[in-house]
Every structure is written in structure tokens, then in C-alpha cells.
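Everything below concerns the one structure shown next.
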Amino acid sequence: MHTAEALLRLEAVSWDAPGDKPVLRDVSFALGPGELAWLSGPSGGGKSSLLRLINRLAEPKGGAIFFDNKPLGDYAPPELRRRVALLPQTPVMLTGSVGSNLRAPFGFKAAHGSPRPDDAQLQALLDGLGLGGVGLDQAAAGLSLGQKQRVALARLLLLEPRALLLDEPVSALDPESRELVEKTAVEQARAGRTVLLVSHQPPSGAAAMRRLVLRDGVLEEAA
Amino acid sequence: MSGAVPIGWPQLALALGFVLLAGGASLWLKLGLGRDLIVGTVRTFAQLVLMGYVLLYIFALSWPWLVVGVFAGMIFFAARIVAGRVKGKGVPVFWPVFFSMLLSYMVVSFLVTGVVVQAEPWWEPRYFLPLGGMVVGNSMNAMALSLERLFGEMKNRRDEVEALLSLGADPAEATGSIFADSVRAGMIPSINSMMGVGLVFIPGMMTGQILAGADPLVAIKYQIVVMLMLVGSTTVGSVLAVSLARRRMFTPAAQLRPLG
């Protein structure tokens, strides 16, 4: 792909864990809008660290990361994180109802008063993720792990990000939840978003996708 | 009434009997506290006698900068104790603690001596140092509790804080509930002591004034001022210390630093 078309571009990115243990070495790749990439590799190979760097929860030791042809440092961190949204491996539910969890990001300054979705919109979004039986007033803490992961995904989609970073979203899920999350990832790419999905298994239902493998901190692209 | 009955040195020596009692218990029950009891007793005598003479000297000189300097010295040692409680946890907090103590305790002590008690001048050492010392001593614990809670919660709830950052929260938004929990942890003891004062315990300052022959009503008024000023100083001190320490926990790019 031509670098000018890339939405996300990494150039020779390296990163050390605390204690100067090298985790990522010279990682370079570019992803365009609408592209779906499946990132796999052995545990401890640096997959989560890579997503954290792109979400700017950590700073690379060397190299540079670009979003929309500008270095990440050009964006205010909250703005960047809303646009390049990260779904962590373990879903985090805040105290309160499913509805308040979904609306939480709209209370932040970075939301700039963007219109809060109404209940009907939220319920429709939950239905689409197979959570039709979950009420907005229900306590989020009482959901199953699979349900929490899907509520967390719904919360991320409400930000309308341009890129989605999904960190092993399906590893702990039952087959049904897994399929729904993977289907959503494929649909999001089809809708023009860049999707970087970390998983041990390839997502089902993807027509075209890039295959990236991260092993001992070195990235390879599989044919 | 003409002041307290003076205690002579021989009578003071008699009070050592209490320590001998404790020492005997330590020997008998093999508590291993003998050394600490001796050191503690010597330090109590030495530090308080020294402080007594220093106070006599300061009262006599009545230099404002000396008064403020002694006060800053007390705060320096308090800040060291507080910072020591969260030492080695990734973010050094001595200076934030020192400055938040200096600022909040100066303001509270000034308001109490200058505005409430109306001492003339406001830094009159006879009022400023004992009242200020009480502010420092009591709020020091509040600050330590607040910071311990802050560091503990940030470590335990790291995933939550980072998830909120990822959703577009700034560091203050991502740590709003941790901030509130931490400040609350610092404030609760001084609120509890307002509940218990006079019922569960008679505060040392009031006891001292009454023993020294003051009108109990005057002593009570002073004690009420002290209780209220402690609530104020623990609040301001905890809010400032937690804000400054929290700021240091994040990089300029709103990343949560590793915490030990």
C-alpha cells in the first residue's frame, strides 16, 4: 500500500518493558481505511504492547507511529484515543448500569458535547451484538464475561473511531459471543474502518484480510 | 487560681516508675522492648526539654522569620514522614507534600491565630507555634492516609484507569473516583474526632490549659477552634497532596506511569 493512503503507519517502532527488557524491535507496517488485519503470535510476543503504543498508553522507545499521516504526538491524547480506539483483553465495567457504562465517554471533556445516544439507539446497538436480553438499567457488574466484552465493544463503537484495536477480544468467550464479535470486526472494516484484531485464531467470515505475526518482538507479514 | 501546681524534678523522676513498670513487663513477658523503652524515654526527656528551651528563646526573641522558619522546619520533618510512607512506589512525592503542607498549614494557622484568636501580631509565637504544630501533627496523618489510598487504588485499579483513558478521558476524569476515595480516607479521622471529642476523650490542649489554670470555658473555645481548624487543614492538605501526587503519576501524554 502507498504510505500516503495509510491511516495507521508504524516505522521501525521499538519498545522495552520496564527494566529495559526489549519487547518490540523495528516493527513497521501500514494499514489503510477499511483494512482488516489479523495479528497473531505466541503469548508474550508483544502484541498487547503494540496495541498500547498505537493507542498511546505507552511511548515507543524508538521509531515513529503515524495516524492519518501525522505523528501521534500531534494529537491531544484523549482525541487520539477516541479515534484509534482500543478494546483491552479484559473488559472493564464501571460501577453502575449497562446504560451508564455505554454513556460514560460522553461525559468526558474530549466528547465536546457530542450528542448523547438515546435509549433506543443503545438498545439497538446491544441487539446487534446479540445482547437483546440485556437491559440498559441492568447492573453491569452482574453480566457474564462474554456479555461484558460485548458491552465494552459497544461502548467503543459509540465513539465512532476511525481505527479499532481489538486485543484478544474473543479469547475468553463462548462460541456464540466469539462469532458475534468477529462478525462485528469484519463489518466495521467493511464500513471503512481500519481494524487490527489480535487473536490466536483467524476471524471467521472475513473475505480479505492481512495476516501479521509477531514473534519475539519481530513482525512478519504472512502471505 | 494561680497556674498549675509546679512539678519538681524529683517528682518528675517518680513518673519514671511508669516506664519501669513497662520495662518489668517487657522482661517478664519477653517482649524485647527494653531497648526501645530506654531510647524512647531518653528521647522524650531530651526532645521536650530542648523544645521547652527553644520555645522560651523564640518567645523572648519574637522574630517573625524565626517563627516562620521553625514552622517550616516542623513541616519539613512532617513531609519526610508522609513521603516515607509511599516511598519506593514509583513516584517521589516529598516536594508536592512539602509544598501542599506549607501552603495549606500556613493559611490555616494564619486564619486561626490572626483572624479567629486575633493574636497581635498574627505570628505571635505563643499562639502560632503550638496551634500550627497541632495543625501539622494532625494533618500529617491525614495526608499519609490519603496518599497511601491513592497509591494503592491506582495500582489495584490500573486497568480501569487505562480503560477510561482509552475511552477519551483525561487523567483527572479517569481517576475521579479514586481521587474522591483518597481525599475521603484523609478526612474521616478528623471528622470522627469531632464526633468523639468530649465524650470519648478530652483533648490534650484543653487538658493542658485547664491544668495550667485557665477558665474551662476559654479552654473549651480554643479546643473548638482547634477541632474545626483540623477539619479544614486535613481537607485542604489532602486535596492538594492528592492532586499534586496524581499529576506526577501521569506523563505529559496522559500515560499512567509504572507504580511500584
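The values are calculated or read from the model by the stated rules, or taken from the named source; none is laboratory data. Because the structure is predicted, anything quoted here is derived from the model rather than measured. Note that we place each Cβ from the backbone using ideal geometry, even for glycine, and neighbour counts take in every protein chain shown. Side chains included, ligands, DNA and RNA excluded: accessible areas come from the protein's heavy atoms. Shrake-Rupley method; radii C 1.70, N 1.55, O 1.52, S 1.80 Å.
The table for this structure:
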read-out: Flag for A:E59 being over 15 Å from A:L157 (Cβ atoms), at the interface with chain B (Cβ under 8 Å from one of its Cβ atoms) and either assigned to a loop (DSSP other than H, G, I, E, B) or aromatic (F, W, Y) (or both); value: yes
read-out: Scan of region B:85-130 for residues that are surrounded by fewer than 22 Cβ atoms within 10 Å (Cβ to Cβ), closer than 26 Å to B:L56 by Cβ and of a type in the set (A, V, I, L, M), ordered by number; value: B:L102, B:M106, B:V116, B:V117, B:A119
read-out: Any hit, region A:64-85, residues being within 13 Å of chain B (Cβ to nearest Cβ), under 27 Å from A:K148 (Cβ atoms) and of a type in the set (S, T, Y); value: no
read-out: Some residue of region B:204-215 being open to solvent by 30 Å² or more (accessible area, probe 1.4 Å) and at pLDDT 90 or above; value: yes
read-out: Condition met for A:R150 (within 19 Å of the chain's Cα centre (by Cα), more than 14 Å from every other protein chain (Cβ to nearest Cβ) and surrounded by 14 or more Cβ atoms within 10 Å (Cβ to Cβ)); value: yes
read-out: Spans of helices (runs of 4 or more DSSP H) in region B:139-258 with at least 3 residues charged (D, E, K, R); value: B:158-166, B:216-248
read-out: Filter pass, B:L50 being assigned to a helix (DSSP H, G or I) and out of contact with any Pro (no Cβ under 8 Å at 6 or more places or on another chain); value: yes
read-out: Candidate set: region B:162-186, residues that are more than 14 Å from every other protein chain (Cβ to nearest Cβ) and either touching a residue at least 40 places away in the same chain (Cβ under 8 Å) or open to solvent by less than 40 Å² (accessible area, probe 1.4 Å) (or both); chosen: the one nearest to A:T95 (Cα to Cα); value: B:F179
read-out: Failed condition for A:E187, given (1) buried (at least 19 other Cβ atoms within 10 Å of the Cβ); (2) not in a loop (DSSP other than H, G, I, E, B); value: (1)
read-out: Selection count, region B:131-158, where residues are farther than 30 Å from B:G204 by Cβ and crowded, with 20+ Cβ neighbours inside 10 Å; value: 2
read-out: Selected residue (criterion: surrounded by the most Cβ atoms within 10 Å (Cβ to Cβ)) from residues of region A:112-124 that are within 14 Å of chain B (Cβ to nearest Cβ) and of a type in the set (G, A, S); value: A:S114
read-out: Among the candidates A:S177, A:S171, A:S204, residue that is open to solvent by less than 20 Å² (accessible area, probe 1.4 Å) and over 22 Å from A:P78 (Cα atoms); value: A:S177
read-out: Residues of region A:157-184 classified as within 14 Å of chain B (Cβ to nearest Cβ), small (G, A, S) and part of a loop (DSSP other than H, G, I, E, B), total; value: 0
read-out: Qualifying residue in region A:145-154 (condition: of a type in the set (A, V, I, L, M, F, W, C) and in contact with a strand residue (DSSP E or B) (Cβ under 9 Å, 6 or more places away or on another chain)); value: yes
read-out: Residues of region A:4-56 classified as in contact (Cβ under 8 Å) with a residue 60 or more places away in the chain and either under 16 Å from the mean Cα position of the chain (by Cα) or not in a strand (DSSP E or B) (or both), total; value: 25
read-out: Pairs with Cβ under 7 Å, 6+ apart, first in region B:137-161 and free of Cβ contacts under 8 Å to residues at least 12 places away in the same chain, second among the hydroxyl-bearing types (S, T, Y) and surrounded by fewer than 21 Cβ atoms within 10 Å (Cβ to Cβ); value: B:D159/A:T90
read-out: Answer from B:A254, B:A219 - the residue that is touching a residue at least 24 places away in the same chain (Cβ under 8 Å) and either away from chain A (no Cβ under 14 Å) or hydrophobic (A, V, I, L, M, F, W, C) (or both); value: B:A254
read-out: Selection count where residues are assigned to a loop (DSSP other than H, G, I, E, B) and more than 10 Å from every other protein chain (Cβ to nearest Cβ), scope region A:94-111; value: 1
